1. Would it be correct to say that GLY192 is at positive phi, of a type in the set (Gly, Ala, Ser) and touching a Lys or Arg at 6+ places or on another chain (Cβ under 7 Å)?
2. Just wondering, is there one or more residues in the range 306-318 that are without any contact (Cβ under 8 Å) to a residue 60 or more places away in the chain and either over 22 Å from ASN432 (Cβ atoms) or not in a loop (DSSP other than H, G, I, E, B) (or both)?
3. Please tell me if GLY29 is surrounded by fewer than 16 Cβ atoms within 10 Å (Cβ to Cβ) and small (Gly, Ala, Ser).
4. Among ILE17, ILE63, which is closer than 29 Å to GLU446 by Cα, touching a Leu at 6+ places or on another chain (Cβ under 7 Å) and either in contact (Cβ under 8 Å) with a residue 40 or more places away in the chain or acidic (Asp, Glu) (or both)?
5. Which residue out of VAL195, VAL212 is in contact (Cβ under 8 Å) with a residue 12 or more places away in the chain, within 28 Å of TYR128 (Cβ to Cβ) and in contact with a Leu (Cβ under 7 Å, 6 or more places away or on another chain)?
6. When only residues in the range 337-377 that are part of a loop (DSSP other than H, G, I, E, B) and small (Gly, Ala, Ser) count, which is surrounded by the fewest Cβ atoms within 10 Å (Cβ to Cβ)?
7. Test each condition in (1) of a type outside the set (Lys, Arg); (2) more than 19 Å from the chain's Cα centre (by Cα); (3) part of a helix (DSSP H, G or I) for ALA416 and report the one that comes out false.
8. Can you confirm whether LYS131 is modelled with pLDDT of 95 or more and either over 30 Å from MET421 (Cβ atoms) or surrounded by fewer than 21 Cβ atoms within 10 Å (Cβ to Cβ) (or both)?
Amino acid sequence: MKDELKENQIEILIEDIGDDGEGIGRHEGMTVFVEGALPGDRVLCTIDKQKKNFAKAKVDQIIAFSKERVKAPCPVYSLCGGCQIQDLSYSAQLKLKENMVINTLKRVGHISDVVVSPIIGMKDAFRYRNKGTYPVQGTHEQPMIGFYKKHSHSVVDVKDCLLQDAKNEAIIATIRKYMKDFKVSPFNPKRGDGVIKNIMIRKSDATGEFMVVIVTNGRKLAMTKTLVNLLTAAEPKIVSIIQNIHSGQSVKGLGDEMKLLYGKETIRDAIGGLWFDISSRSFYQVNAKQTEILYSKVLEFANLSGEENVVELYSGTGTISMFLAKKAKHVYGIEIVGDAIEDANKNAAVNQIENVSFIMGNAEEEIEKLYSEGHEADVIVVDPPRAGCDSKVIETMLKLAPKRIVYVSCKPSTLARDLKMLCDAGDYVIENVQPIDVFGHTVHVETVVSLSKVK
């Protein structure tokens, strides 16, 4: 077989998967990342980029398929960048993510003497997302509404995303027809003309309410009353329709100005008996069922008796802080985003929680202030972005010397790096490591870790 190989072509067995969903194998001692391959596949692939310690390649032919390969139910799976492993059985997905946590702790953190609990999976790994953001491209005659292609800013036209609520299909179809009938063009960033940039749909699992946000280039949007009537006829549970004005070349995110076209500015959802008012700008976990499991695990690992002062870093809209407040003396949530702090205070008021305070500022600066002002933290909870904790945050946590630290991670590699820093000082040991699948059919995994102070 090797004699027939083309230049830069190799045969390789895929043994693992990377952070972006690429298969990982080894060839002559070198790690090779192979796009389009799954663990268990034996493939022919061509190397298109080679560095000193690794190479990147693309599949030419799958010689032997993994026994865990399945037919992806989504008709545009091979094009869309939303899912990376929908063609892998769900049981294999769970094992893959569990092993990802175990192996990354060993490789990056040099942590091998801890027991990683079996991953907590979903009852149904489809239709779990309560938020979808759909970029819009094409023309008014043929609008393309869906998600970006893999490694691209070109949109795949998606009629029904199987991770989103099934009712989103009718909402998107209604907007598609409105654009055609009233000649409302998608925004074209190259020319700087056109109207609609993105469509966001949010749903409350607790109430069934929907919010629809239409992001436009400028204030002009034709026939808004007709659009409202069409949307509410298509889905009667829509209680909020908002036009977000986002002028300029960028197609990412939201603009500063909101125009309420129908209903109210928020929808209300519940997690674990707590109610949350969600605006178009709110950060809110996209999988409420698994989030409740995750937050319950945080509360369990915090092991609160009611006498503890708790500090949560990167507290967002305060959802975890309010869970912790159920059993803490007082909780301080620190968050840099002003809108998130505003939402957190509103939600604390909605739930009549008085033993929580939210502080706006950089985590590394505000935790240092708490330390310098003599505040004690019995428990610290951190829920950082994918980049993990700033090294100054780690240093100050060690100075504060809480009895317990609970770390909520969305990226195993930065989790392992930060745990190593916390444990290398010799003051803390890892007690529990619990992976949780919150994003089925993707390579993302959440992990909750508890550390206790060495006595």
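1. Values: at positive phi: yes; of a type in the set (Gly, Ala, Ser): yes; touching a Lys or Arg at 6+ places or on another chain (Cβ under 7 Å): no.
Here the answer is no, as GLY192 does not meet what is asked.
2. yes
3. On the way: surrounded by fewer than 16 Cβ atoms within 10 Å (Cβ to Cβ): yes; small (Gly, Ala, Ser): yes.
Yes, satisfied.
4. On the way: ILE63 fails: closer than 29 Å to GLU446 by Cα.
Testing whether each residue is closer than 29 Å to GLU446 by Cα, touching a Leu at 6+ places or on another chain (Cβ under 7 Å) and either in contact (Cβ under 8 Å) with a residue 40 or more places away in the chain or acidic (Asp, Glu) (or both) leaves just ILE17.
5. Working: VAL195 fails: within 28 Å of TYR128 (Cβ to Cβ).
When all the criteria are applied, what remains is VAL212.
6. First, the residues of the range 337-377 that are part of a loop (DSSP other than H, G, I, E, B): 337, 351-355, 361-362, 373-377.
Restricting the remaining residues to those that are small (Gly, Ala, Ser) gives 361, 374, 377.
On the way: GLY361: 13, GLY374: 6, ALA377: 23.
Only one residue fits best here, namely GLY374.
7. (2)
8. On the way: modelled with pLDDT of 95 or more: yes; either over 30 Å from MET421 (Cβ atoms) or surrounded by fewer than 21 Cβ atoms within 10 Å (Cβ to Cβ) (or both): yes.
Yes, satisfied.
The values are calculated or read from the model by the stated rules, or taken from the named source; none is laboratory data. Computed from a prediction, not measured in an experiment: that's the story for all the values here. Please note: Cβ atoms are built from the backbone with ideal geometry, for glycine as well, and neighbour counts cover all protein chains shown.
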